[in-house]
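A.B. asks: Structure incoming, see below.
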Amino acid sequence: MKILEKSQLIKNQELSAKDNLESFCQIIKNVNPEINAFLEINKDQAMEKAQDIDSRIENGEKVGKLAGLVIGVKNNISVEDFLITAASRTLENYQGSYDATVVKRIKEEDGVIIGVTNLDEFAAGSSTETSYYGPTQNPAAPGLIPGGSSGGSAAAVAAGMCDLALGSDTGGSIRNPASHCGIMGFKPTYGAVSRQGLLDLAMSMDQIGPLASDVSGIALLLDVIGGLDPRECTTLDWQAPLYTPALQDPLDHLNGVRLGVLKESFDVTDGPIVKIIEDRLAELEGFGVELVELNFEYLDLCLPTCYLINYVEFFSATRKYDGRKYGHRIEEVCGEEVLRRIHMGSYISQKEYSGKYYKKALQARSLIKKEINRLLSGVDVLISPTVPKLPHKIGAELDTMEMYAYDTLTVVANLAGIPAASIPAGIVKGVPIGMQMQAKARDDLKILQLMSFIENNL
C-alpha cells in the first residue's frame, strides 16, 4: 500500500492511527534487535499522539497531512526528550531539549515520531559501521552494510519498521543507503529544507531529506518539512511547489523529456550495475524520452574537493564538544574516522596550509558547480548509477579511499547544491542497486515526476 493511500485510510477511519502504530511497534520488537536501525523508541509518547489523532478524526476535527503516519528520525536531528547522540560516545547522555524545525513541522502535521535511528558517528561514514552503538544490518541483503551515514533510517523503512524516515545528506548519506536497501531517498535543493536542529557535519553541504518506500511518501514528507525558516540562514525564500498534488496527475508519457547520461559515471561503475541502469534507460527510451550522452570531465575532482571541505567544516563544528558544557571532549572518546576528520581539518585549517588545500577546494567547488549547471542547461535530469559498487560485508577491512569511493557519484549534488534522488533500479547478486537523478536547483519536482513515472510504468 502506498503511503498516500494509507494516510487517506487513516483519515477515513478505515485504519486507526493506534493500530498503525501498534503494527510497527510489534515489527520493531521482532526485528530491531537484529537490524539495529532504531537506537531509542518511545512507544508511550507515540501512542498518546496516535490516540489523540484518532479522537480528533472521530470528532470530525481537522488533522494534519501526516496524520497517523509513523516516522523515524536520524539521531543527529534534535527531537525533544530523546537522547540525541549522533551515535557517538561524545554525547551519550545528551537529551534533546527542543525539536528541530523539521521535527516541529512533522508534529504540527500529526506525524507520529516513534524513535531515533542509527548512523555513522556524527554522520562521518558511508556504511553505518562507525556508530558507538554498533553497526546496522541491511534488511535487503543480510550480512552486508546498509550504506550510510543514514543507514538506520534506510534500514528502518526497508525492514517495515516505520512509514517514513528522515536522514541527512552531506555527500550522499541519504541516497547511498537508499540504494543499498532498495528504497527511495531524496536530497532536496540546498536550502529547500531547514537545517536548524541538525548537528553539523559540513554545514555548506548538509541537507535533511526523506526516505520512503514509494514516491508519494517522499512527496508528502517534503511538503511538510520544506519551506523558509526564519531561524536558519541557509533556507530559501521561494514559493516551492506542493509536490503531492502535482504527483496526483501523473505523467502519461515522456515525450520531450531529455535525460543527460553522464558517461564518466558509467566508466567508474562496476559492470553489472551499469547493465541494469542501461536497461532502465532503454525502457525509458521506449516511453519517448531522449537520452543525451554528456561528458563531465571533473568527476575525479569531486571526491577530494568534497572531503577537503568536509574536513575543515567538521573540525570547526566539533570545537563545541570540549566536555565543558555537555558531553565528553570529542577527541578523547570518538572513533577512528571522526578523529581522522578532526585531525585533517585542524591541519588544513592552519594559516600556512589553508591556501594550499581549503581555498583551492572552494575554487574547485565553484568550477564543478558551474560545469554541472552548464550540463543541466540542455537537459531536464541527469542520470547515473547511485553508487558505483555493491556494499561490503559488515566488518570487512577497507582502506580509507575504498570507503570514500562509495560517494564518488553522489558528492556532485552536494557540491553543486542541486536536488538529487535514488530510486530502486534492480538487483545484482541479490543486492538492490539504485539509479540516481539530479536536476537544477529548485527543480526538485522534475525529479519527483520522473520517479513517479518510473514507479508506475517500469
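Each reported figure results from applying straightforward, stated rules to the coordinates on display, with no laboratory input. Note that this is a predicted model, so its numbers are computed, not measured. No Cβ is skipped: glycine too gets one built from the backbone with ideal geometry, and neighbour counts run over all protein chains shown.
A.B. asks: Among residues other than Thr101 whose Cβ falls under 10 Å from its Cβ, what is the net charge (Lys/Arg +1, Asp/Glu -1)?
C.D. replies: Working: positive: Lys104, Arg105, Arg195, Arg231; negative: Asp99, Asp229, Glu232.
The answer is +1.
A.B. asks: To continue, here is another question. What is the distance, in nm, between label points placed 7 Å from the Cα along the Cα-to-Cβ direction at Leu398 and at His343?
C.D. replies: Between Leu398 and His343, the simple spin-label model gives 2.1 nm.
A.B. asks: Something else: Please compute, over every Cα-Cα pair in segment 272-386, the percentage with a separation greater than 19 angstrom.
C.D. replies: On the way: 4106 of 6555 pairs.
Summing the P(r) of segment 272-386 above 19 Å gives 63 percent of all pairs.
A.B. asks: On full extension of the chain, what length is gained from Asp279 through Glu58, given 0.36 nm per residue of separation minus the C-alpha to C-alpha distance?
C.D. replies: Computed gain between Asp279 and Glu58 is 74.7 nm.
A.B. asks: Oh, and also: I'd like the distance separating the alpha-carbon centroids of segment 207-275 and segment 1-66, in whole Å.
C.D. replies: 26 Å
A.B. asks: Okay, next question. From Cα coordinates alone, what are the radius of gyration and Dmax values for segment 30-179 in angstrom?
C.D. replies: 15.1, 48
A.B. asks: Please compute the volume of the convex hull spanned by the alpha-carbon atoms of segment 338-458 and report it per residue in Å³.
C.D. replies: On the way: hull volume 15.8 nm³, N = 121.
Per-residue hull volume (Cα only) is 130 Å³.
A.B. asks: Let me ask something additional. Would you mind calculating the gained length between His253 and Leu375 on full extension (0.36 nm times residue separation, minus the Cα-Cα distance), in nm to one decimal? Provide the component values of the computation, followed by the final result.
C.D. replies: Numbers: separation 122, 0.36 × 122 = 43.92 nm, distance 2.36 nm.
Full extension from His253 to Leu375 adds 41.6 nm.
A.B. asks: Loop-only GluC sites (Glu not before Pro) in segment 386-458, please: DSSP not H, G, I, E or B, and at most 11 other Cβ atoms within 10 Å. Walk me through the numbers before you get to the answer.
C.D. replies: Details: sites: Glu397, Glu402, Glu455; in loops: Glu397.
Here the GluC sites (Glu not before Pro) that fit, given the DSSP loop and packing criteria, are Glu397.
A.B. asks: Just one of [x] 196; [y] 163; [z] 134 is volume of the Cα convex hull per residue in Å³ as worked out from the coordinates here. Which one is it?
C.D. replies: Answer label, from the structure shown: [z].
A.B. asks: Cα atoms only: what Rg and Dmax, in Å, come out for segment 197-246?
C.D. replies: For segment 197-246, the Cα-based Rg and Dmax read 12.3, 33 Å.
A.B. asks: Where does the charge balance sit around Gly125 when Lys and Arg score +1, Asp and Glu -1, over other residues with C-beta under 12 Å from its C-beta? Mind dumping the intermediate values first?
C.D. replies: Values: positive: Arg340, Arg341; negative: Asp120, Glu121, Glu129, Glu336, Glu337, Asp407.
Taking every other residue near Gly125 into account, the sum is -4.
A.B. asks: Provide the percentage of antiparallel DSSP beta bridges, counting only those with both residues in the chain; round to the nearest 5.
C.D. replies: Details: 31 of 47 bridges.
About 65 percent, rounded to the nearest 5.
A.B. asks: With runs of 4+ DSSP H residues as the only contributors, calculate the mean residue ellipticity of the chain at 222 nm using -39,500 (n - 2.57) per run, divided by the residue total and rounded to the nearest 500.
C.D. replies: Details: 18 runs with 188 residues, N = 458.
Taken over the chain, the calculation gives -12000 deg cm²/dmol.
A.B. asks: Can I ask one more? Can you bin segment 3-68 into rounded, prolate or oblate? Criterion: square roots of the alpha carbon gyration tensor eigenvalues sorted a ≥ b ≥ c, rounded for a/c under 1.5, prolate for a/b above b/c, oblate for the rest. Write down the numbers at each step before the final one.
C.D. replies: Details: a/c = 2.69, a/b = 1.99, b/c = 1.35.
Prolate shape, in that a/c is at least 1.5 and a/b is the bigger ratio.
A.B. asks: Convex hull volume of the Cα atoms in segment 139-282, per residue, in Å³? Don't jump to the answer; show the numbers that get you there.
C.D. replies: Numbers: hull volume 22.0 nm³, N = 144.
Looking at segment 139-282, the number lands at 153 Å³ per residue.
A.B. asks: Here is a further query. How far is the Cα center of segment 101-158 from the Cα center of segment 400-458, in Å?
C.D. replies: Value for the Cα centre distance between the two parts: 18 Å.
A.B. asks: Turning to a different aspect of this structure: Taking 0.36 nm per residue of sequence separation and subtracting the Cα-Cα distance, how much length would be gained by fully extending the chain between Phe287 and Lys356, in nm to one decimal? Display every interim value, and only then the final one.
C.D. replies: On the way: separation 69, 0.36 × 69 = 24.84 nm, distance 4.91 nm.
Extending this stretch completely gives an extra 19.9 nm.
A.B. asks: What does the net charge come to around Ser179 if you take all other residues with beta carbon closer than 15 Å to its beta carbon, with K and R at +1 and D and E at -1?
C.D. replies: Working: positive: Arg175, Lys187, Arg280, Lys389, Lys429; negative: Asp169, Asp270, Asp407.
Local net charge: +2.
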